[in-house]
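Below: the structure, in structure tokens.
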Amino acid sequence: MSSYTANLKLAVTPEVTNKTFKEWRMELTADSNSNMTKIDNAYGQLKTEISALESFTSKVYGVKFVGSNPTGTRLEDAVGLTAAVGVDDEVVSNDFDALYPWSGMRRCNGYYDDNGDFVVTAYKGDPDFATNGSNGNVWVEIPQFYIKEEIDSSTETESMYITPYKMDGYRLPEKFVKLNGDYRSKAYIAAYESGKANNVPISYAGVDPSSPAWSHNNFLTAAANIGDGYCAMTLEDFELIKFLFCIEFATRNTQSVMAGATSHTTTAVDIAQATTNQNYVYVAAGTTYFAEGYPIKLHTSANSAAGDYHIVSRVETDGDYLKIYLEDNASVTTTTSTKIYVCPFKTGYCDDVVASSGAYKANNGKFPIIYRGIENPWGNIWKVMSGILVNDHQPYFLKDASADPVNNSAASIISAMTALDYTLPSSHGYAKTMGYDSDNPTYRMTSAIGGSTSTYYCDYFYQAAGVRGVSLGGYVAYGEYAGLFYFSAYYAPSYTGWAFSSRLSYTG
């Protein structure tokens, strides 16, 4: 059985045991609304987690994929279960909401201390929980679980399993293992794509993830300003999301569940008529790139990360022009040298989605999505990765992802990192297989192409020779190419661009 650490950090024993903790506390303090609410919440969560663990002892949830079919067959205790996503305040029925470990995933504020241990400062629902940065970064807490993969390349069969406890053939995902080999009872993945504040990457709502123009190199340099161990998203983060999502929804075609913000056209359009201090702009009639709810930027350079961000409120035909209204309180001045273009969304648009997973506004490829507290696991903006670099199609990994070399030298990659026991394709195409190194099973990426939008992994692979960084998921204009399994090993580790961000992570 795996070790299990309770969330509750205070030892409390109600004297009247037939009363609830909250009733006991209120009777003792005569206080119905104080910071003790945090203890109430923690106590309730502790009871929920213990109940979940006791109820699901020896439970195994699995899925099997055979051949080119991206839809899997549920295995073990997952047989007969259903999962669904919602839009905005839509309420849906999802069996996995009550099953460990999915039931234990929740948002929190917190940080890593000098020992590499995560310190929670507030959980969602606590009085001082905040998404705007006033109480620090926002993370998604994931309770410990074990995984198993069974791969038979001769029959193109792959099975994935999750169980709460250590069992024969199962392993603990690397995200739950410290650099010194100690185990973590919880893992934490940043809730939002990374913006930038005070020269460090952040996980806050309401920030523009495109304005830092992150690269593999400058993200690591900025993350080091937070402290030792911080880095960009890793394949260890990806592994957790992959197992949880694929088993929950029994598919490798992630866009069949949620399209993500992926199907926009980002071509910059010239402003057709100047405006002064208005909440609208004019473009040529017949332009079709803009509609209500779309994010746009205005700048004299096409697709500049530094553009002025707005949301389209409505679009009307006005004589020879298309009149694009922005927010009511917007006040923009434009000339015919100004350009307008769709850009990635700011963070936090999915904060009010009621279902455990779903989409803001519409699940149609135009708007952000959320998977159990993790906003935009694919789409919206590329996520550059730490702990993985490529030299001439040979991938190398480093468990201490914060120590990646940043000098773009093939020699430094070879000397500082470990080569994986497979190579990446030397051509672009849809992913057919993911490479597998039996000594390092966490670090899997595209190893063969030959799929399509509806077969195998259903996501694209993009590559180039030389020293390359790795990016994940696609961005607002990548359409059916995008998805959880879309890997790019095309750009140099130093490359920056308005379509690139990441997700804050930690290794230590």
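The values are calculated or read from the model by the stated rules, or taken from the named source; none is laboratory data. Just so you know, these numbers come straight off a predicted model, no measurement behind them. Methodologically, a virtual Cβ is constructed for each residue, glycine included, from the backbone with ideal geometry; neighbour enumeration extends over all protein chains shown. These area figures cover heavy atoms from the full protein model, side chains too; ligands, DNA and RNA do not enter into them. Shrake-Rupley method; radii C 1.70, N 1.55, O 1.52, S 1.80 Å.
In this label model, Ser153 and Leu81 are separated by 3.0 nm, measuring between points 7 Å along each Cα→Cβ vector. Compactness of the stretch 428-508 is given as radius of gyration and Dmax, 13.2, 39 Å, from Cα positions.
Modelled this way, with points 7 Å down the Cα-to-C-beta line, the labels at Ala302 and Leu172 are 5.2 nm from one another.
Using the Cβ-Cβ distance between Asn279 and Ala197 with R0 = 35 Å, the FRET efficiency computed as 1/(1 + (r/R0)^6) comes to roughly 0.80.
Ranking Val91, Pro70, Val140 by how far each Cα lies toward the positive end of the dipole of the stretch 68-145 (charges on Cβ) leaves Pro70 at the top.
Using the Cα centre of the stretch 138-278 as origin and beta-carbon charges of +1 (Lys, Arg) and -1 (Asp, Glu), tell me which of Ser153, Met167, Ala187 is placed farthest towards the positive end of the dipole. Selected residue: Ala187. Remark: spin-label model distance Ala464-Thr73 equals 4.4 nm, labels positioned 7 Å along the Cα→Cβ axis. Its Cα gyration tensor gives the stretch 376-468 an equivalent ellipsoid, and the semi-axes of that ellipsoid, as √(5λ) in whole Å with the largest first, are 23, 15, 13. Heavy atoms of the protein chains alone define the surface here; on that basis the chain has 38 Å² accessible area per residue at 1.4 Å probe size.
Cross-link pairs exceeding 27 Å between alpha carbons, from the set Lys366/Lys399; Lys339/Lys366; Lys175/Lys383; Lys124/Lys346; Lys124/Lys186: Lys366/Lys399.
Heavy-atom accessible area of Ser452 with all protein chains present, probe 1.4 Å, nearest 10 Å²? Its accessible surface works out to 40 Å², give or take rounding. In a reduced charge model with +1 at each Lys and Arg Cβ and -1 at each Asp and Glu Cβ, the chain shows a dipole moment near 300 debye about its Cα centre.
Rounded to the nearest whole Hz, the Karplus-based 3J(HN,Hα) values (6.51 cos²θ - 1.76 cosθ + 1.60, θ = phi - 60°) of the stretch 125-134 follow the sequence x, 6, x, 9, 5, 9, 9, 8, x, 5, with x at glycine and proline. The dipole here belongs to the stretch 236-395: it is taken about the Cα centre, uses +1 on the Cβ of Lys and Arg and -1 on the Cβ of Asp and Glu, and is about 180 debye. The Rg/Rh ratio for the stretch 161-208 is 1.17, where Rg is the radius of gyration of the alpha carbons and Rh is the Kirkwood radius.
Among the helices of the chain, those built from whole DSSP H runs whose Cα atoms reach 15 Å or more along their own axis and whose mean Kyte-Doolittle hydropathy is at least 0.0 are 235-249. Carbon-plus-sulfur accessible fraction, the stretch 73-114 (probe radius 1.4 Å, protein heavy atoms only): 46%.
Straight-distance candidates among the aspartates and glutamates for linking to Lys361, with alpha-carbon spacing under 12 Å and chain neighbours fewer than 8 residues away dropped: Asp88, Asp89, Glu90, Glu292, Asp351, Asp352.
Per residue, the Cα convex hull of the stretch 311-409 amounts to 235 Å³.
Counting every pair of alpha carbons in the stretch 88-151, the share spaced more than 19 Å apart comes to 51 percent. For the chain, the Stokes-Einstein estimate of translational diffusion at 25 °C and a viscosity of 0.890 mPa s comes to 103 µm²/s, using the Kirkwood hydrodynamic radius over alpha-carbon pairs.
Stretching the chain fully between Ile311 and Asp352 yields a gain of 13.0 nm (0.36 nm per residue, less the alpha carbon separation).
With the helix formula -39500 (n - 2.57) applied to DSSP H stretches of n ≥ 4, the chain reaches a computed 222 nm mean residue ellipticity of -3500 deg cm²/dmol.
Cross-link reach is defined here as a Cα-Cα straight distance under 17 Å, omitting same-chain residues fewer than 8 places apart; for Lys59 the aspartates and glutamates meeting it are Glu49, Glu76, Asp77, Asp95, Asp97, Glu149, Asp168, Glu248. Computed from backbone phi, the HN-Hα couplings of the stretch 62-67 come to x, 8, 10, 10, 10, x Hz, rounded to whole numbers (Karplus: 6.51 cos²θ - 1.76 cosθ + 1.60, θ = phi - 60°; Gly and Pro given as x).
Protein-only accessible surface at a 1.4 angstrom probe places the residues Asp113, Asp421 in the order Asp421, Asp113, largest first. Residues Glu327, Glu248, Glu76, sorted by accessible area with the largest first, give Glu76, Glu327, Glu248 [1.4 Å probe; ligands and nucleic acids excluded]. Per-peptide packing, taken as the mean over residues of other Cβ atoms within 10 Å, places 99-110, 64-75, 369-380, 479-490 in the sequence 369-380, 479-490, 99-110, 64-75 from highest down.
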